[in-house]
Amino acid sequence: MGPTDDGQEHGRQHAGREEQPSGRPAPEEWRGLVSALLGDASRIALAEVALGRATVESVPGLTARKARGALKKLEPYTYADADGTLHLDDAKLSSLLTAGQTPAGGRTVVERFTTPDGRLRDYPARPGERRELLAHLAHRLFEPGEELAEPAVNERLRRVTDEHATLRRYLVDLGLLSRLKDGTAYRLDV
């Protein structure tokens, strides 16, 4: 399942999050992540999620009770794919970095470089902002683990730009999208 045309995403299970009206996390939300790292069980859970070995039901090396508690703390920063494997939510973690900062003109990187209907206006010159924008677009257009042939990838990219080949190249160069070794398809790299 992929994003719908109205910008809503389906297929990912996220925890409820308190967000500001702009859709950005509250500036103090990073505290939850730091508190999640204070316990040994949470650190083990984070490592297992990062390595792709944790699921919504279990964490290797932790009892079921400790896994539930640790995963509850990490829930706002992770999502589960269709088979229940947990992944770190890169877009969410990136947004925590800028949550307390006021971007130029009071708008986010995504707001500055896309139109109100979500089409790409331009690419940021700053590498960090470019990565943030491209990560946002990649996660909006593709689902983790989804493999698509080049024509299907191009169709998705055309939703946000007429220069789909340039966008595809940038996504591949930044490691956000990878081409399978046999060259038959592309996949979002989480």
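Being part of a strand (DSSP E or B) and at pLDDT 90 or above holds for only one residue in 87, 136, and it is 87. Among the residues of the stretch 164-179, the ones that are out of contact with any Asp or Glu (no Cβ under 7 Å at 6 or more places or on another chain) and touching a residue at least 24 places away in the same chain (Cβ under 8 Å) come to 4 in all. Taking the listed residues 122, 182, the one that is closer than 26 Å to residue 51 by Cα, acidic (Asp, Glu) and outside any helix (DSSP H, G or I) is 182, with no other qualifying.
Can you confirm whether residue 65 is surrounded by fewer than 20 Cβ atoms within 10 Å (Cβ to Cβ) and not in a loop (DSSP other than H, G, I, E, B)? So residue 65 fits the description; yes. In the stretch 101-114, the residue that is modelled with the highest pLDDT out of those that are hydroxyl-bearing (Ser, Thr, Tyr) and under 20 Å from the mean Cα position of the chain (by Cα) is 114. For the criterion of being closer than 30 Å to residue 32 by Cβ and not in a loop (DSSP other than H, G, I, E, B), residue 167 fails.
Close Cβ contacts (under 8 Å, 6 or more residues apart or on different chains) running from residues in the stretch 46-66 that are in the same structural domain as residue 36 (by TED's automatic domain parsing) and among the small types (Gly, Ala, Ser) to residues that are in a loop (DSSP other than H, G, I, E, B) and surrounded by 13 or more Cβ atoms within 10 Å (Cβ to Cβ) comprise 54/60; 64/58. Taking residue 130 as the residue in question, decide whether it is surrounded by fewer than 19 Cβ atoms within 10 Å (Cβ to Cβ) and either over 18 Å from residue 169 (Cβ atoms) or free of Cβ contacts under 8 Å to residues at least 24 places away in the same chain (or both). When the stated conditions are applied, residue 130 does not pass them. Could you look through the stretch 79-92, keep only residues that are touching a residue at least 60 places away in the same chain (Cβ under 8 Å) and not basic (Lys, Arg), and pick out the one that is surrounded by the fewest Cβ atoms within 10 Å (Cβ to Cβ)? My answer is 82.
The values are calculated or read from the model by the stated rules, or taken from the named source; none is laboratory data. Please read these numbers as outputs of a predicted model, since none were measured by experiment. Because the Cβ atoms are built from the backbone with ideal geometry, glycine has one as well, and the counts that use them run over all protein chains shown.
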